[in-house]
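Structure, as structure tokens:
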Amino acid sequence: MSISLFNWAAIFLYLAASLYHGINLWRSQAIRPVVFNSLGILGLLAHLSGLMPQLLTEQGLLLSFSHAASLIAAAVVLLTLIGSWLMPIRVLLAPLFALSALLVLSTIALPQGTVQLINEEPGILCHILLSVLAYGMITIAVLQSLVLLIQEQQLRKRPVSKLIKHFPPLQSMEKLLFAFLWAGWILLSLSLASGWMFLEDIFAQHLAHKTSLAVMAWVVFAILLWGRHQLGWRGHTAIRWTLAGFCLLMLAYFGSKLVREFILNI
């Protein structure tokens, strides 16, 4: 089965899972977890089967802009699927599947810019893996914060939307948000630490903006977690800080990558 067929299969399965979830919620019908999770897991397997041969070449690791986004999407789907067995976060999966389908499509449709192959020692690859996991976990936290924002707005309305009745209690959703933030901040800390350890010069010219923005994001999340513990920050304050840190983190990686691969090569 070719890479292209795996990619199209992933798009179809992700969209099927997302539509299944959305239609059943709209009709107030019970969602069968076996059907929903099976579609998502099969979509993830197809996603990885199409992505891995594109990333792992004989010359080294080929991490282009679209492939990096697709890899992070796969990590987010995997982490969320695992988490859905332990926590009430299945509501995050439907929009996540739709977004992942779009990112898989981008690896097919978008032209690839100039990409530098990564053929490095295990320490560098460990740094890359930790970075992907950190981005993935913080992305889940952002999705959770957006769901929390929607939930707060809907609960103020009368009558309460039938859709919101499928959500876990507001307090549980808030606890989950900070659990994801703690996990993402720890992974980001390990990512930065591994960069200091294994990169020859983490503030080299091609890494300076990326490193500075990542450190700024680390500080933002640290302040947010301190504010939660010491000042009881919650609600819109927590959501604003989460989105600010996420924007910095995405600029750190995708901003610099977009400039290097496309803008500088026009």
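The values are calculated or read from the model by the stated rules, or taken from the named source; none is laboratory data. Computed from a predicted structure; not experimentally measured. With ideal geometry, Cβ positions are generated from the backbone for all residues, glycine too; neighbour counts draw on all protein chains shown. Accessible surface areas use protein heavy atoms only, side chains included; no ligands, DNA or RNA. Shrake-Rupley method; radii C 1.70, N 1.55, O 1.52, S 1.80 Å.
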Please state which one of Thr242, Thr211 is surrounded by 16 or more Cβ atoms within 10 Å (Cβ to Cβ) and at pLDDT below 85. Thr211
Meets criteria (in contact with a Phe, Trp or Tyr (Cβ under 8 Å, 6 or more places away or on another chain), over 25 Å from Trp26 (Cα atoms) and either at pLDDT 80 or above or among the β-branched types (Val, Ile, Thr) (or both)) for Ala183: no
Select from the stretch 17-45 the residues that are basic (Lys, Arg) and under 19 Å from the mean Cα position of the chain (by Cα) and list them in ascending order. none
Identify, from the list Leu13, Leu61, Leu44, the residue that is aliphatic (A, V, I, L, M), touching a Gly at 6+ places or on another chain (Cβ under 6 Å), open to solvent by less than 40 Å² (accessible area, probe 1.4 Å) and over 19 Å from Gln144 (Cα atoms). Leu13
Checked against (1) modelled with pLDDT under 90; (2) within 17 Å of the chain's Cα centre (by Cα), Tyr14 satisfies every condition except (1)
Among the residues of the stretch 31-41, what is the count of those that are of a type in the set (S, T, N, Q) and open to solvent by less than 40 Å² (accessible area, probe 1.4 Å)? 1
Residues located in the stretch 52-73, provided they are more than 25 Å from His21 (Cα to Cα) and of a type in the set (A, V, I, L, M): Met52, Leu55, Leu56, Leu61, Leu62, Leu63, Ala68
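Residues checked against (1) under 28 Å from Phe167 (Cβ atoms); (2) hydrophobic (A, V, I, L, M, F, W, C); (3) not assigned by the TED database to the domain that holds Ile140:
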{"site": "Ser66", "(1), (2), (3)": "no, no, yes"}
{"site": "Leu71", "(1), (2), (3)": "no, yes, yes"}
{"site": "Leu81", "(1), (2), (3)": "yes, yes, yes"}
{"site": "Leu96", "(1), (2), (3)": "yes, yes, yes"}
Selected residue [open to solvent by 10 Å² or more (accessible area, probe 1.4 Å), farther than 12 Å from Leu44 by Cα and not in a helix (DSSP H, G or I)] from Pro95, Pro88: Pro88
